[in-house]
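Here is the structure we will look at.
The values are calculated or read from the model by the stated rules, or taken from the named source; none is laboratory data. Everything numeric in this text was worked out from a predicted model, so none of it was measured. For neighbour counting, all protein chains shown are included, and Cβ atoms are generated from backbone atoms with ideal geometry for every residue, glycine included.
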Amino acid sequence: MAEALLDLGRRRGERADAARNRQHLLDTARAMIAEVGVEKVTMDGLAERAGLGKGTVFRRFGTRAGIFHALLDDDERRFQQEVLSGPPPLGPGAGPRERLTAYGRARIAFLLDRHMIARAALDRSRPVPAGESSMSRVHLRMLLGRARLDVEDIDSLSLQLTAALEGPVLLYLSMAGQMDTAPLVQRLSDSWQILVDRLVRMGE
């Protein structure tokens, strides 16, 4: 069975010069975050640092939140490629239990490592999103199907597992300030493994 994830890698109709500008802006934004932190990255500052006109930056991102949304989108594409074609157990080549565990651990670390960018990507004029990752839901649905669980509704189960995997991150995004994410990554990853182990036993 072929991998069934979202095709995030295509940007149809994007001109070569626009693609270069986009990548240059993303690389510049990452450099600024590493140097001064997320809070100090502004539209004007990004334009100046990148050596591009303010209009170019505004047309590309629309708002300051759009900068961070684009960064997350770019990272999501890379993460998906690791899932689609990277080494096992995150990529193809391992059993469903191993891949479910590896995906959860990698996804938790991915989300929490980027929690400050995710906070900055939220548009305050719009409600906080429900936190459902279509990529996670589709991928988990595929792996659950391969695990041959004795359950009637795999679709609902994959939706609930997606909420269990990504829901706690929304709670974390609402927390003020910055903290070391490593202990939380470890706790959530260990809890995810317990959940997967107990679930997959149903199919054995």
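Screening residue 52 with (1) in contact (Cβ under 8 Å) with a residue 60 or more places away in the chain; (2) outside any helix (DSSP H, G or I); (3) under 22 Å from residue 19 (Cβ atoms) gives one miss only, at (1).
Residue-wise test of (1) modelled with pLDDT under 90; (2) not basic (Lys, Arg).
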position	(1), (2)
119	yes, no
125	yes, yes
133	yes, yes
155	no, yes
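Counting only residues that are buried (at least 16 other Cβ atoms within 10 Å of the Cβ) and either touching a His at 6+ places or on another chain (Cβ under 7 Å) or assigned to a helix (DSSP H, G or I) (or both), the stretch 78-112 holds 21 of them.
Within the stretch 13-20, can one find any residue that is modelled with pLDDT under 95, surrounded by fewer than 11 Cβ atoms within 10 Å (Cβ to Cβ) and not charged (D, E, K, R)? Among the residues of the stretch 13-20, at least one is modelled with pLDDT under 95, surrounded by fewer than 11 Cβ atoms within 10 Å (Cβ to Cβ) and not charged (D, E, K, R), which makes the answer yes. Mind checking whether some residue in the stretch 37-57 is modelled with pLDDT of 95 or more, of a type in the set (Lys, Arg) and closer than 21 Å to residue 109 by Cβ? Looking for residues that are modelled with pLDDT of 95 or more, of a type in the set (Lys, Arg) and closer than 21 Å to residue 109 by Cβ, one finds none in the stretch 37-57, hence no. Within the option set 51, 91, 62, being in contact with a helix residue (DSSP H, G or I) (Cβ under 8 Å, 6 or more places away or on another chain) and of a type in the set (Gly, Ala, Ser) holds for one residue only, 91.
Of the residues making up the stretch 25-47, those that are farther than 12 Å from residue 120 by Cβ, of a type outside the set (Gly, Ala, Ser) and surrounded by fewer than 14 Cβ atoms within 10 Å (Cβ to Cβ) are 27, 35, 36, 44. When you check residue 99 against the structure, is it charged (D, E, K, R), over 26 Å from residue 180 (Cβ atoms) and in contact (Cβ under 8 Å) with a residue 40 or more places away in the chain, yes or no? Here the answer is yes, as residue 99 does meet what is asked.
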